[in-house]
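Chemist: Dropping the structure in here first, questions after.
The values are calculated or read from the model by the stated rules, or taken from the named source; none is laboratory data. In this text the structure is predicted, and so the values were computed from the model without any measurement. For neighbour counting, all protein chains shown are included, and Cβ atoms are generated from backbone atoms with ideal geometry for every residue, glycine included.
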Amino acid sequence: MKSTSLFVVGALAGLMLATPTFAADHQVQMVNKDAEGRSMQFEPAFLKIAPGDTVTFVPTNKGHNAESILTLMPEGAEPWKGKINQEITVTFDTEGFYAYKCLPHVGLGMVGLIQVGDAPAALDPAEVEKLPTRPEDRLLDLIALAEDSKGEAAATQ
Ligand SMILES: [Cu+2]
């Protein structure tokens with residue numbers, strides 16, 4: 001009897017793990033100034049989400065867009081390109097790191113980073129280095145944030 005009930009508990013736990021959770025939508029605002037006083041920013045500029053989640057880029061201030069940086073996203077993932085002042089919702093199915101930019105303000109450092117799932121950082125440093133100085137510095141900050149958010153797990157790798 002005892003072993004049977006243990007088996008049932010184990011099977012139920014397995015079912016719960018296998019049940020898909022509802023995909024969440026996250027919002028990223030495109031702003032002329034963020035909460036920390038930085039000009040021309042995505043807010044939040046770093047997001048960690050689950051595979052299947054969506055991100056909606058909101059034109060809170062005018063004159064911005066959100067689009068993939070083609071060299072800084074997972075292989076085989078679908079790029080996106082929002083128009084200026086366009087609210088756009090993107091679904092992220094492929095795990096990995098996605099850097100993106102605002103076309104008019106990338107030179108001022110208006111870039112963002114989305115981590116999908118728990119995949120290790122996989123942005124090609126040589127491609128990050130090809131960015132102009134301000135977006136490169138900003139992206140490096142965001143990559144550091146992503147590494148911090150892994151906490152203990154990162155320390156053991
Ligand atoms: Cu912009």
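The rows are residues; the columns are (1) hydroxyl-bearing (S, T, Y); (2) under 21 Å from L140 (Cβ atoms); (3) in contact with a Lys or Arg (Cβ under 7 Å, 6 or more places away or on another chain); (4) within 16 Å of the ligand (Cβ to nearest atom).
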| position | (1), (2), (3), (4) |
| --- | --- |
| A23 | no, no, no, no |
| Q29 | no, no, no, yes |
| E36 | no, yes, no, no |
| L47 | no, yes, no, no |
| G52 | no, no, no, no |
| N85 | no, no, yes, yes |
| T89 | yes, no, no, no |
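Chemist: Then there's this: Taking A146, is it part of a helix (DSSP H, G or I) and small (G, A, S)?
Modeler: Answer is yes for this residue.
Chemist: Which condition from (1) touching a helix residue (DSSP H, G or I) at 6+ places or on another chain (Cβ under 8 Å); (2) charged (D, E, K, R); (3) exposed (fewer than 15 other Cβ atoms within 10 Å of the Cβ) is the one that K48 breaks?
Modeler: (3)
Chemist: If you scan region 33-45, which residues turn out to be exposed (fewer than 15 other Cβ atoms within 10 Å of the Cβ) and either in contact with a strand residue (DSSP E or B) (Cβ under 8 Å, 6 or more places away or on another chain) or among the polar types (S, T, N, Q) (or both)?
Modeler: K33, A35, S39, listed by residue number.
Chemist: Considering only region 68-84, state which residues are surrounded by 18 or more Cβ atoms within 10 Å (Cβ to Cβ) and assigned to a strand (DSSP E or B).
Modeler: Selection gives S68 alone.
Chemist: Restricting the search to region 91-110, which residues are surrounded by 17 or more Cβ atoms within 10 Å (Cβ to Cβ) and either modelled with pLDDT under 95 or out of contact with any His (no Cβ under 9 Å at 6 or more places or on another chain) (or both)?
Modeler: Result: F92, G96, F97, Y98, A99, Y100, K101, V106, G109.
Chemist: Moving on. Looking at region 73-94, I want the residues that are of a type outside the set (D, E, K, R) and have a partner that is modelled with pLDDT of 95 or more and surrounded by fewer than 13 Cβ atoms within 10 Å (Cβ to Cβ) with Cβ atoms under 6 Å, at least 6 apart or on another chain. Which pairs are those?
Modeler: Pairs that qualify, where the first residue is of a type outside the set (D, E, K, R) and the partner is modelled with pLDDT of 95 or more and surrounded by fewer than 13 Cβ atoms within 10 Å (Cβ to Cβ), are P79/L70; N85/K62.
Chemist: Within region 91-113, take every residue that is under 19 Å from A23 (Cα atoms) and touching a Pro at 6+ places or on another chain (Cβ under 8 Å) and give me the one that is nearest to the ligand (Cβ to nearest atom).
Modeler: Y98
Chemist: A further question on this structure: Would you mention how many residues in region 121-130 are in contact with a helix residue (DSSP H, G or I) (Cβ under 9 Å, 6 or more places away or on another chain) and either at pLDDT below 95 or within 15 Å of the ligand (Cβ to nearest atom) (or both)?
Modeler: Qualifying residue count, region 121-130: 2.
Chemist: So I69 passes all but one of these: (1) closer than 22 Å to K33 by Cβ; (2) within 16 Å of the ligand (Cβ to nearest atom); (3) under 17 Å from the mean Cα position of the chain (by Cα). Which condition number does it fail?
Modeler: Among (1) closer than 22 Å to K33 by Cβ; (2) within 16 Å of the ligand (Cβ to nearest atom); (3) under 17 Å from the mean Cα position of the chain (by Cα), I69 violates only (1).
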